[in-house]
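The values are calculated or read from the model by the stated rules, or taken from the named source; none is laboratory data. From a predicted model like this one, the values you see are computed outputs, not experimental measurements. Cβ coordinates were reconstructed from backbone atoms using ideal geometry, including for glycine residues, and neighbour counts include every protein chain displayed.
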Amino acid sequence: MKEIKTVALVGLGAIGAYFADRLQPMLGDDLRVIAGGARAERIRREGLVINGKQEYYHVVEPGEGEPADLVIFATKMSGLQQAIEDVRAQIGPETLILSPLNGVESEEDVARTYGWENIVYSLMRISSVKVGNTVSFDPNAAFYVEYGEKKNDPANLSERVLRLKALFDGAGIRYQIRPDMLLAIWEKFACNVSENQVAAVLDLPYGAWGSCEDAEALRIMEAQRRPLYLAAADAVISNTGTLAQTLAAAQEALDEIFDS
């Protein structure tokens, strides 16, 4: 089984900083942070301060370098298309690809450019805050990556999943290998739908629900919609059409439910 020795990371926000914090001690300069222009200069100059510790990274400009063993997309969805272009030099025939972004379509977006052959489904469960070049998260909290093939048999994991498992074990990255990754992605989407909007309106950090009775009431009210989103997701997962088509069908189903 081929060991993952080089990782290209695009995006140094809350999620990217977590991966960088874990992978840098293990990989050193074989962790490549992909950035260009003024952003690259800023990262080289300022680095990141993660939980009070100053860190600097090996920055590689778009178009430079050679294929990495693994590429991790850790941008916001709004920055994914540019990130897909920026990592072209980092992607080869055997490069594994993770895109643990919020939402349900990032893998399909990446696959339109690089194909499905080396994409492994993933999502991130983490509470992390970034202000400027300072990132903070609880290093002892139970944050983890959920990842795997579309379907995973714990007794017969694919080589790709096992390669990532070895990397995560070595780097101290917690993980879960879900039997059904599409369901896992839709579960997180449903959670985001029911909680993130309330958090944004009330300016609440993740994990603060229990400290505010009114916020908790709003969260519960929104959470009541979650089974409807999961029901729509079930239809999406079993559908053989494109994601855009199935999302449109799911929205029509939800509209009918809410109008009834």
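Provide a single number: the residues in the stretch 1-54 that are of a type in the set (Val, Ile, Thr), in a helix (DSSP H, G or I) and under 15 Å from Gly172 (Cβ atoms). Quick ask: steps written out before the conclusion?
Initial filter on the stretch 1-54 (of a type in the set (Val, Ile, Thr)): 4, 6-7, 10, 15, 33-34, 43, 49-50.
Restricting the remaining residues to those that are in a helix (DSSP H, G or I) gives 15, 43.
Now drop any that are not under 15 Å from Gly172 (Cβ atoms), which leaves none.
The total comes to 0.
Counting just the residues of the stretch 14-42 that are over 21 Å from the mean Cα position of the chain (by Cα) and either acidic (Asp, Glu) or buried (at least 16 other Cβ atoms within 10 Å of the Cβ) (or both), which one comes out nearest to Pro139 (Cα to Cα)?
Asp29
Whether any residue in the stretch 110-117 is more than 21 Å from Met181 (Cβ to Cβ) and either more than 10 Å from the chain's Cα centre (by Cα) or of a type outside the set (A, V, I, L, M, F, W, C) (or both) is what I want to check.
Taking the stretch 110-117 and keeping what is more than 21 Å from Met181 (Cβ to Cβ), we get none.
No: zero hits.
Output the number of the condition that Ile84 fails; it satisfies all remaining conditions of (1) of a type in the set (Val, Ile, Thr); (2) within 27 Å of Gln176 (Cα to Cα); (3) surrounded by fewer than 19 Cβ atoms within 10 Å (Cβ to Cβ).
For Ile84, the failing item is (3).
If we scan the stretch 120-136, do we find a residue that is modelled with pLDDT of 95 or more and not in a strand (DSSP E or B)?
Looking through the stretch 120-136, at least one residue is modelled with pLDDT of 95 or more and not in a strand (DSSP E or B).
Determine which single condition Glu94 fails, assuming it passes every other condition in (1) over 22 Å from Ser128 (Cβ atoms); (2) in contact with a His (Cβ under 6 Å, 6 or more places away or on another chain).
(2)
Under 8 Å by Cβ, and 6 or more places apart or on different chains, what pairs join a residue from the stretch 170-184 that is under 15 Å from Asp21 (Cβ atoms) with one that is part of a strand (DSSP E or B)?
Short answer, once both residue conditions are applied: Ile173/Tyr144; Ile173/Val145; Arg174/Tyr144; Arg174/Val145.
Please work out which residue is farthest from the chain's Cα centre (by Cα), limiting yourself to the stretch 59-76 and to residues that are farther than 22 Å from Leu164 by Cα and of a type in the set (D, E, K, R).
For the stretch 59-76, the residue satisfying everything is Glu64.
Given Gly92, Gly63, which one is surrounded by fewer than 18 Cβ atoms within 10 Å (Cβ to Cβ) and in contact with a Lys or Arg (Cβ under 8 Å, 6 or more places away or on another chain)?
After ruling out the rest, the residue left standing is Gly63.
Listed here are the residues, each with its yes/no results for (1) at pLDDT 95 or above; (2) of a type in the set (S, T, N, Q); (3) closer than 23 Å to Ile97 by Cα; (4) surrounded by fewer than 18 Cβ atoms within 10 Å (Cβ to Cβ).
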site	(1), (2), (3), (4)
Gly148	yes, no, yes, no
Asn156	yes, yes, yes, yes
Pro179	no, no, yes, yes
Leu183	no, no, yes, yes
Phe189	no, no, yes, no
Asn192	no, yes, no, yes
Asn196	no, yes, no, yes
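Testing Val59 on (1) among the hydrophobic types (A, V, I, L, M, F, W, C); (2) closer than 19 Å to Ala171 by Cα; (3) outside any helix (DSSP H, G or I), one condition comes back false. Which one is that?
Just one mismatch for Val59, condition (2).
Looking only at the stretch 149-178, how many residues end up being under 17 Å from the mean Cα position of the chain (by Cα), more than 15 Å from Ile72 (Cβ to Cβ) and in a strand (DSSP E or B)?
Residues meeting the conditions: 2.
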